[in-house]
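A short worksheet on the structure shown next.
The values are calculated or read from the model by the stated rules, or taken from the named source; none is laboratory data. This one's a predicted model, so the numbers in the text were calculated from it and none came from an experiment. Methodologically, a virtual Cβ is constructed for each residue, glycine included, from the backbone with ideal geometry; neighbour enumeration extends over all protein chains shown.
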Amino acid sequence: MVIDVELRGVTKRFADIVAVDNVSIQILKGEFFSLLGPSGCGKTTTLRTIAGFEDPSEGEVFISGQSMAGVPPFKRPTNMVFQHLALFPHLSVEENVAFGLKVKRLAKQEIRQRASKFLEIVRLSGLEKRKISQLSGGQQQRVAIARALVTEPTVLLLDEPLGPLDLRLRLEMQEELKRIQREVGTTFVYVTHDQTEALSLSNRVAVMISGRIEQVGTPLEVYEKPRNHSVAEFMGETNMLGGRYLDGAVEIDGLSVRVTSQASKGTDIIFSIRSEKISIGKTLSGPDNVFKGTVRGVTYRGSDSVYDVQLSERIIIKVRSTNLALESIYRVGDEVFVGWDIDKALLISSLR
Amino acid sequence: MHFGYMVFYYAFTFAPLIILVIFSFNDSARVGLPFKAFTLKWYAEVLSDPTILSAIANSLLVGAVVTLLSTPGGTAAAFVLVRHQSFVGRKAFNTLVLIPMVIPPVIVGISLLTFFHAIGLELSLVTVILAHTLIALPFSLLVMVARLIGFDRSLEEAAMDLGADELTTFLKVTLPLIFPGLLAAAILAFTISFGEVAVAFFTIGYQPTLPVYIFGQVRLPTRLPVLTAVSALALSFSALLVVASEITRRIREKK
Ligand SMILES: Nc1ncnc2c1ncn2[C@@H]1O[C@H](COP(=O)(O)OP(=O)(O)O)[C@@H](O)[C@H]1O
Ligand SMILES: [Mg+2]
């Protein structure tokens, strides 16, 4: 395994703000690696530190094993697709793509060949002479990607490139990004706050919260096995329940919830159970835990619905259910049963 | 309604200029109605008068040098003001640089005259150039500040990211993008210098600029027709300058 990018204890402070807090990650060659986190958690700053636009306050960035300390952006083997694209408005599509090659003073012939090859990869052939302002949002994304890939960087950094696109176009561009990455084999470091995007695109995901990397793993790992409270809460739609652990069950507001746990008797624990792991029905048998409740809220979302189900005075849990049939769509006030198997609940912490 | 107002607006602003041009073709030694006959003799007189020609040459020279000094000078200052947020005393500096714009020209003239005397600099076109540069600089600065505030710096980062060093980035990205601002600043500087009379009057040596020359001749009634002709020429030149710059801008935009 070759490591393309490594951050060792990187911290970045702006006055009294710690934007990036002691981040250490290793990104492998050819990997599609995502930095996932809420807005303002330090994703852009991390990317800019790799690109060389910010100097780390502490720690060091390595690319292909080389320390990047003191190396200016124009000497780093990284290219960036900027959050707002930053395409050159005074240049045509072709000139934008050729920019990096011209700066490197390649022969005219080769510049034309390479630019046209990458315009083909992003499927923009025929639009070479267009001005940037004459392109649609999706086409502009493609220009930005081609412009950044054409100089064949070791690492491509992408900062929420699909943010401004509408849902349909975003899904289409996600597919395109996957295809392009397979085709060119370049290491992608992808920043997004959209977990579906991160999970569906990446080989590995780093979950970043408040400047810190909370967990690094495959999409499956970070979603199914969140390492701590913050990750569990950030990923998906989850119910956090807490109470005192006694003999294989937790007592919560009069309910006895069975859990698998190595916690010792008498300690307070918190566990998380995702909304889609909970079954709901007029009758329900099978799951280890079954509770009777009342529907207090319904969010109908077409393919599925999310219910707020009250189980006891203080406990209302979110349940997501696929809308298989009209009969299985419930209304506020309906009496329902909800349930889950004990292995679906994740122990988050023994304290809090 | 709106249309009517605009007709009035243009009539109000352009009528004096149009009348000036009309009378410059009037075959009469007295400027005024009636319009006797069409003639080009006043223009012929302008072209054969060496003092007028040299005044025109002086004005063009001063204007050109002032433009070459104040455009880069104002631009550099604008870069510092807009880009270096941390610059100590920036707020004070912001206000200070604009003060020359609101000082009455006569006072600027006297203070410069005093200053040049004090440092022992003899009055000549050089002192006029220095004076006009001082007047034009804040205007160049203002135009460029407006341009730079709207400048998306991630474009420069994108260029560097793609391998362009600072100089290449400046030449290939920054410069083309601020070009319309530079053009506007240059034309403004030239126009200010070309028409300026008050400060020039104080700082001029023995070689008058065109406005100073006209100013000196205007009380001689016999010279008035020639002056209308030379003024009409200056007017066309200024108009030509604006039109040319607008065309350049459009062509660049189309490209
Ligand atoms: N140049 C800067 N100066 C001061 N604070 C900054 C600067 N850049 C980012 N920050 C702050 O650092 C934090 C992380 O920002 P950013 O990396 O842009 O987050 P994200 O991309 O995850 O939304 C934010 O609190 C932001 O306000
Ligand atoms: Mg960001």
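Overview of results
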quantity: Residue in the range A:35-46 that is away from ligand 1 (no atom under 14 Å from the Cβ) and charged (D, E, K, R) present; calculated: no
quantity: Any hit, the range A:217-228, residues being of a type in the set (Ser, Thr, Tyr), surrounded by fewer than 17 Cβ atoms within 10 Å (Cβ to Cβ) and not assigned by TED's automatic domain parsing to the domain that holds A:Glu152; calculated: no
quantity: Test result for B:Thr209, hydroxyl-bearing (Ser, Thr, Tyr) and either within 14 Å of another protein chain (Cβ to nearest Cβ) or surrounded by fewer than 22 Cβ atoms within 10 Å (Cβ to Cβ) (or both); calculated: no
quantity: Within the range A:54-92, tally of residues that are outside any loop (DSSP other than H, G, I, E, B) and buried (at least 16 other Cβ atoms within 10 Å of the Cβ); calculated: 13
quantity: The range A:44-94, residues that are basic (Lys, Arg) and more than 14 Å from chain B (Cβ to nearest Cβ); calculated: none
quantity: Among (1) within 16 Å of ligand 2 (Cβ to nearest atom); (2) more than 14 Å from every other protein chain (Cβ to nearest Cβ); (3) outside any loop (DSSP other than H, G, I, E, B), the one test that A:Leu169 misses; calculated: (1)
quantity: Number of positions in the range A:128-148 that are aliphatic (A, V, I, L, M) and either on the phi > 0 side of the Ramachandran plot or surrounded by fewer than 17 Cβ atoms within 10 Å (Cβ to Cβ) (or both); calculated: 0
quantity: Residues satisfying the stated conditions in the range A:1-20, i.e. assigned to a strand (DSSP E or B), of a type in the set (A, V, I, L, M) and within 11 Å of ligand 1 (Cβ to nearest atom); calculated: A:Ile17, A:Val18, A:Ala19, A:Val20
quantity: Selected residue (only one of A:Gly30, A:Gly37 is in contact with a helix residue (DSSP H, G or I) (Cβ under 9 Å, 6 or more places away or on another chain), over 23 Å from B:Ala164 (Cβ atoms) and surrounded by fewer than 22 Cβ atoms within 10 Å (Cβ to Cβ)); calculated: A:Gly30
quantity: Scan of the range B:47-70 for residues that are surrounded by fewer than 20 Cβ atoms within 10 Å (Cβ to Cβ) and closer than 19 Å to B:Pro221 by Cβ, ordered by number; calculated: B:Asp49, B:Thr51
quantity: Candidates A:Ile213, A:Ile209, filtered to the one that is out of contact with any strand residue (DSSP E or B) (no Cβ under 9 Å at 6 or more places or on another chain) and within 16 Å of ligand 1 (Cβ to nearest atom); calculated: A:Ile209
quantity: Among (1) away from ligand 1 (no atom under 16 Å from the Cβ); (2) away from chain B (no Cβ under 14 Å), the one test that A:Val150 misses; calculated: (2)
quantity: Failed item, numbered, when A:Ala198 is tested on (1) within 16 Å of ligand 1 (Cβ to nearest atom); (2) in contact with an Asp or Glu (Cβ under 8 Å, 6 or more places away or on another chain); (3) outside any strand (DSSP E or B); calculated: (2)
quantity: Boolean, A:Val23 is within 15 Å of ligand 1 (Cβ to nearest atom) and of a type outside the set (Phe, Trp, Tyr); calculated: yes
quantity: Pair list, Cβ < 6 Å and 6+ apart or interchain, from the range B:147-161 residues that are more than 18 Å from B:Ala76 (Cβ to Cβ) and facing chain A (nearest Cβ under 9 Å) to residues that are in a loop (DSSP other than H, G, I, E, B) and aliphatic (A, V, I, L, M); calculated: B:Ser154/A:Ala86; B:Leu155/A:Ala86; B:Ala158/A:Ala86
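Results for (1) of a type in the set (A, V, I, L, M, F, W, C); (2) in a helix (DSSP H, G or I); (3) within 16 Å of ligand 2 (Cβ to nearest atom); (4) surrounded by fewer than 17 Cβ atoms within 10 Å (Cβ to Cβ), shown as yes or no for each residue.
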| site | (1), (2), (3), (4) |
| --- | --- |
| A:Glu94 | no, yes, no, no |
| A:Val97 | yes, yes, no, no |
| A:Arg105 | no, no, no, yes |
| A:Leu119 | yes, yes, no, no |
| A:Gly126 | no, no, no, yes |
